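The values are calculated or read from the model by the stated rules, or taken from the named source; none is laboratory data. From a predicted model like this one, the values you see are computed outputs, not experimental measurements. Cβ coordinates were reconstructed from backbone atoms using ideal geometry, including for glycine residues, and neighbour counts include every protein chain displayed. Ligands, DNA and RNA are excluded from the accessible area calculation, which covers all protein heavy atoms including side chains. Shrake-Rupley method; radii C 1.70, N 1.55, O 1.52, S 1.80 Å.
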Amino acid sequence: MAMLTVENLNVYYGMIHALKDVSFEVNQGEIVALIGANGAGKTTTLHTVSGMLPAKSGSVKFEGKEIIKTPGHQIVSLGMSHVPEGRRVFAGLSVYENLKMGAYTRKDKKEIADTLEMVYTRFPRLKERTRQLAGTLSGGEQQMLAMGRALMAHPKIILMDEPSMGLSPLFVSEIFKIIEEINKQGVTVLLVEQNAKKALSIANRAYVLETGKIVKEGNARDLLNDESIKKAYLGE
Ligand code: ATP
């Protein structure tokens, strides 16, 4: 059974039909990439899956349970965290306070403290800056904070929206390495990226979205060698 199964999702913004019968699945332990150009519907897909945007029709099943009408905060409790586009850290709160916010659905203080230690071990930069206001962090550091905050919920799956956006090449490589490491520790990843080359280099499988429709799917390695993908998305 797939961990996440999305079937025939249709989403509208007023008259705009943003997602057209979108179907895909993510198996436990995988990194699955959703690639596509500006406006293809990648962010809309993540927002709908994580309960932040209503669908007109379709189904989203998480571990076999229908969640299409489940509110976002309950979806977090089920084990799904979302790292939104543009990080959206709480600028006026410290790094530590942001991380604590990520654990808002959890109760066990000892477990939360253990996860915080794990996050600080994974992101030493955050540990050094624990009292710094999040709004004063660099873009890459804010991305790390957004990822750390998502990990504080102790998720089974993380949805990541454009983690490379606006980062220097060095930081992009670091962020992608961290995504791979998080995955190796057992967290399944659904990754939305415009940087198709990077995304396909760490993903197991990928889906290509074009104007709201899935037009291609396959093993990431095969897609990296696919002529039409190379031309359209890899700048080759
Ligand atoms: P990008 O990489 O540029 O963020 P994307 O693939 O994530 O693109 P979406 O943000 O999901 O694309 O947008 C899909 C389509 O829906 C676009 O045509 C966009 O203009 C439209 N859209 C997105 N949000 C809204 C909104 N709040 N109101 C109206 N239309 C919207």
Exercise. How many of the residues making up segment 189-207 are within 19 Å of L4 (Cα to Cα) and within 11 Å of the ligand (Cβ to nearest atom)?
Worked result: 2
Seminar exercise, completed: Matching residues in segment 200-213 (over 17 Å from K177 (Cα atoms), open to solvent by less than 10 Å² (accessible area, probe 1.4 Å) and not aromatic (F, W, Y)) number 4
Exercise. If we scan segment 93-104, do we find a residue that is modelled with pLDDT under 95, in a loop (DSSP other than H, G, I, E, B) and away from the ligand (no atom under 13 Å from the Cβ)?
Worked result: yes
For this session: Identify all residues within segment 101-122 that are without any contact (Cβ under 8 Å) to a residue 40 or more places away in the chain and buried (at least 19 other Cβ atoms within 10 Å of the Cβ); write none if there are none.
Result: T115, L116, V119
Exercise. Of the numbered conditions (1) modelled with pLDDT under 95; (2) away from the ligand (no atom under 15 Å from the Cβ); (3) surrounded by fewer than 21 Cβ atoms within 10 Å (Cβ to Cβ), M165 satisfies every one except a single condition; which is it?
Worked result: (2)
For this session: Any residue in segment 53-65 that's more than 27 Å from I16 (Cβ to Cβ): show its pairings with residues that are assigned to a loop (DSSP other than H, G, I, E, B) at Cβ separation under 8 Å, as long as the two are six or more apart or on different chains.
Result: E63/M1; E63/M3; E63/G79; E63/K156; G64/M1
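Taking segment 214-233, which residues are under 19 Å from E25 (Cα atoms), of a type in the set (V, I, T) and crowded, with 19+ Cβ neighbours inside 10 Å?
Quick first cut of segment 214-233, residues under 19 Å from E25 (Cα atoms) only: 214-223.
Those still in the list that are of a type in the set (V, I, T) too: 214-215.
Result: I214, single match.
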For this session: For segment 77-86, indicate whether the set of residues that are within 11 Å of the ligand (Cβ to nearest atom), assigned to a helix (DSSP H, G or I) and within 30 Å of S138 (Cβ to Cβ) is non-empty.
Result: no
For this session: Working carefully through the options K197, K127, find the one that is open to solvent by 40 Å² or more (accessible area, probe 1.4 Å), at pLDDT 95 or above and not in a strand (DSSP E or B).
Result: K127
Seminar exercise, completed: Apart from one, (1) in contact with a His (Cβ under 9 Å, 6 or more places away or on another chain); (2) of a type outside the set (F, W, Y); (3) over 20 Å from I75 (Cβ atoms) all hold for T105; the odd one out is (3)
Seminar exercise, completed: Taking segment 1-46 and keeping residues within 16 Å of the ligand (Cβ to nearest atom) and open to solvent by 50 Å² or more (accessible area, probe 1.4 Å) leaves Y12, Y13, G14, M15, I16, H17, K20, D21, A37, N38, G39
For this session: Take G79 and decide whether it is small (G, A, S) and over 14 Å from the mean Cα position of the chain (by Cα).
Result: no
